[in-house]
Amino acid sequence: MFSRYVLCLLLLLPLAVSASNSVNLETTMKSMGLALKQAREAASPGAAKPFIDQLTELTEQAKVARFPEDKAQKYLEGLDKVLLTLQQARDAAIAGDNQKLQQALTEVEQLRRYYHKQRKVSFWQILFG
């Protein structure tokens, strides 16, 4: 009897581990939006740096999320572009260059908007696949 429970536990363990490794993309994206807003509204480039670091970490987390197979390549490409732009923003924050920082953060915002539009499904796609 005891061995059955142990066997069931061992069989279910991989499922629990894989479930804990999944990323809640919606929550991550909301956190990313908040970090971007805080970075853009920071009083100085130095004050924006922690938010940029947080945004970079969240973007890395988003890359391991599950995406629809037909759009996964496009989304990962977009996240890579965001990471490159965040590196530019981080460099500008370290250098104290507020103009380049704001320019990079504006580009991140534009990428966010573009890739969010790619996510939306049209009425015709729902009907006809």
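Derivation of every value follows stated rules applied to the coordinates shown; laboratory data play no part. Here the structure is a predicted model, which means the values were calculated and not measured. We place every Cβ from the backbone using ideal geometry, glycine too, and count neighbours over all the protein chains shown.
One table, with the values for the structure above:
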{"read-out": "Neighbour-count order for ARG113, ARG119, ARG40, fewest beta carbons within 10 angstrom listed first", "value": "ARG113, ARG119, ARG40"}
{"read-out": "Flagged links, alpha-carbon separation over 22 Å, of LYS37/LYS117; LYS49/LYS74; LYS30/LYS71", "value": "LYS49/LYS74"}
{"read-out": "Relative compactness, region 23-128, computed as alpha-carbon Rg over 2.2 N^0.38 Å", "value": "1.14"}
{"read-out": "DSSP-loop GluC sites (Glu not before Pro) across region 22-65, with at most 13 other Cβ within 10 angstrom", "value": "GLU41"}
